[in-house]
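Student: First, the structure itself, so that you have it in front of you.
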Amino acid sequence: MRGRARPAACVLAGTLALAASPAWAYRPFVSTDAAVADPGFMEIELGYFQLAHAHHEEAFSTPKLVLNYGIVDRLEIVGEFAAEKAPHDDWRLVDPALSLKAILKEGVLQEKDGLSVALEAGALLPSTAPGAGGVGFEATGIVSGQLKPLTYHLNAGGGVDRVDARPFATWGLIGELPVVPALRFVGEVSGESVTQERANNSVLVGFIWQPFPSRELSIDAGIRRGITRAAPDWQATLGLTFAFPLWPRAQR
């Protein structure tokens, strides 16, 4: 896959014991949802295992780390990166990015009526992957809604990549179907088109499990299948999401 991030170290030890805030995680997706971390809260999305198979070779990516910090109400800063190893190559830093995500309209994800609408935009930072040492930019519009019992998240965006500043466009559609209160089956269809390259489109099926009633921790797994020749043949991913306050909330 080319050098861009979806708008990032192992801070897991000790953090899981802290109190968490309910959060809508967007792991294991490429796309995202129209929600942000609460002010003063850090949300950590950790993909601790990912395996991709393409052209008869496997590439491991671990960890995949995304940090979401709530700056003020309806606004968060997002940082992300991954470490990747292909056969016969050294480990390298891939897809680093730094962006802002803002809620433009509160809706179902904020426990209000109607659609939730958000915008995420930011810089694609230099990667250590060959040819990806430049800087790019990406912006994505996000709409989340419900057709009960299904929750959906629609993404559309674009920008310029860190490889020769080539224009690209992205799209995605996530569906989440609750099975029991703690378990949701999920699916996604997503794609990316870069100038002078074939489209990279894929489909994912998986689940998100929230084992505790307070939703302090979300565990996810998924299998992704490429539906165009530019996409990896298949990918498998496991990860988790949790959140904790960096300082106590002010009393109202």
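The values are calculated or read from the model by the stated rules, or taken from the named source; none is laboratory data. Values in this document were obtained by computation on a predicted structure and should not be read as measured data. Reconstructed Cβ throughout: ideal geometry from the backbone, glycine too, with neighbour counts over all protein chains shown.
Student: If you take the residues in segment 2-55 that are closer than 25 Å to Gln110 by Cβ and among the basic types (Lys, Arg), which one is modelled with the lowest pLDDT?
Tutor: Filtering segment 2-55 for residues that are closer than 25 Å to Gln110 by Cβ and among the basic types (Lys, Arg), the one modelled with the lowest pLDDT comes out as Arg6.
Student: Could you grab me the full set of residues in segment 132-173 that are farther than 16 Å from Glu188 by Cβ, surrounded by fewer than 20 Cβ atoms within 10 Å (Cβ to Cβ) and of a type outside the set (A, V, I, L, M, F, W, C)?
Tutor: Residues satisfying the conditions are Gly133, Gly134, Gly141, Gln146, Lys148, Pro149, Gly158, Asp164, Arg166, Pro167.
Student: Starting from segment 208-228, keep only residues that are closer than 13 Å to Gly187 by Cβ, then list their pairs with residues that are at pLDDT 90 or above and in a loop (DSSP other than H, G, I, E, B) whose Cβ atoms are within a distance under 6 Å, requiring at least 6 positions of separation or different chains.
Tutor: Asp220/Arg27; Asp220/Pro28; Gly222/Pro28
Student: Identify, from the list Ala129, Ala97, Ala82, Ala102, the residue that is among the hydrophobic types (A, V, I, L, M, F, W, C), surrounded by 19 or more Cβ atoms within 10 Å (Cβ to Cβ) and under 19 Å from Ala37 (Cα atoms). Even if it seems obvious, please write down each step before you answer.
Tutor: Values: Ala129 fails: under 19 Å from Ala37 (Cα atoms); Ala82 fails: under 19 Å from Ala37 (Cα atoms); Ala102 fails: surrounded by 19 or more Cβ atoms within 10 Å (Cβ to Cβ).
One residue alone meets the criteria, Ala97.
Student: Among the residues of segment 68-92, write down those that are farther than 16 Å from Leu46 by Cβ and assigned to a strand (DSSP E or B). Give the derivation first.
Tutor: In the first step, residues of segment 68-92 are kept if they are farther than 16 Å from Leu46 by Cβ; the result is 70-77, 85-92.
Result: Gly70, Ile71, Val72, Leu75, Glu76, Ile77, Lys85, Arg92.
Student: Could you please find all residues in segment 175-224 being of a type in the set (Ser, Thr, Tyr) and surrounded by fewer than 19 Cβ atoms within 10 Å (Cβ to Cβ)? Reasoning before the result, please.
Tutor: Step one: of segment 175-224, the residues of a type in the set (Ser, Thr, Tyr) are 190, 193, 195, 202, 214, 218.
If the condition is that a residue be of a type in the set (Ser, Thr, Tyr) and surrounded by fewer than 19 Cβ atoms within 10 Å (Cβ to Cβ), then Ser193, Thr195, Ser214 are the ones that fit.
Student: Inside segment 109-158, can you point out the residues that are more than 27 Å from Asn201 (Cβ to Cβ) and under 20 Å from the mean Cα position of the chain (by Cα)?
Tutor: Listed by number, the list holds a single entry, Gln110.
Student: How about segment 121-134: which of its residues are touching a Leu at 6+ places or on another chain (Cβ under 7 Å) and in a strand (DSSP E or B)?
Tutor: Ala121, Gly122, Ala123
Student: Oh, and also: Criterion first (touching a Leu at 6+ places or on another chain (Cβ under 7 Å) and either within 23 Å of Ile208 (Cβ to Cβ) or basic (Lys, Arg) (or both)) does Gly145 satisfy it?
Tutor: It is true that Gly145 is touching a Leu at 6+ places or on another chain (Cβ under 7 Å) and either within 23 Å of Ile208 (Cβ to Cβ) or basic (Lys, Arg) (or both).
Student: When you scan segment 93-109, how many residues do you find that are closer than 18 Å to Asn155 by Cβ, not hydrophobic (A, V, I, L, M, F, W, C) and not in a loop (DSSP other than H, G, I, E, B)?
Tutor: Result for segment 93-109: 4.
Student: Quick check on segment 137-167: of everything there that is touching a strand residue (DSSP E or B) at 6+ places or on another chain (Cβ under 6 Å) and charged (D, E, K, R), which residue is nearest to Leu104 (Cα to Cα)?
Tutor: Taking the candidates together, the pick is Glu138.
Student: Based on what the data block shows, is Ala231 assigned to a strand (DSSP E or B) and under 18 Å from the mean Cα position of the chain (by Cα)? Quick ask: steps written out before the conclusion?
Tutor: Details: assigned to a strand (DSSP E or B): no; under 18 Å from the mean Cα position of the chain (by Cα): yes.
So Ala231 does not fit the description; no.
Student: Condition (residue is assigned to a strand (DSSP E or B) and over 25 Å from Asp113 (Cβ atoms)) applied to segment 148-158: is it met by at least one residue? I'd like the intermediate steps shown before the answer.
Tutor: Step one: of segment 148-158, the residues assigned to a strand (DSSP E or B) are 150-158.
Now narrow it down to the ones that are over 25 Å from Asp113 (Cβ atoms): 157-158.
For segment 148-158, residues assigned to a strand (DSSP E or B) and over 25 Å from Asp113 (Cβ atoms): present.
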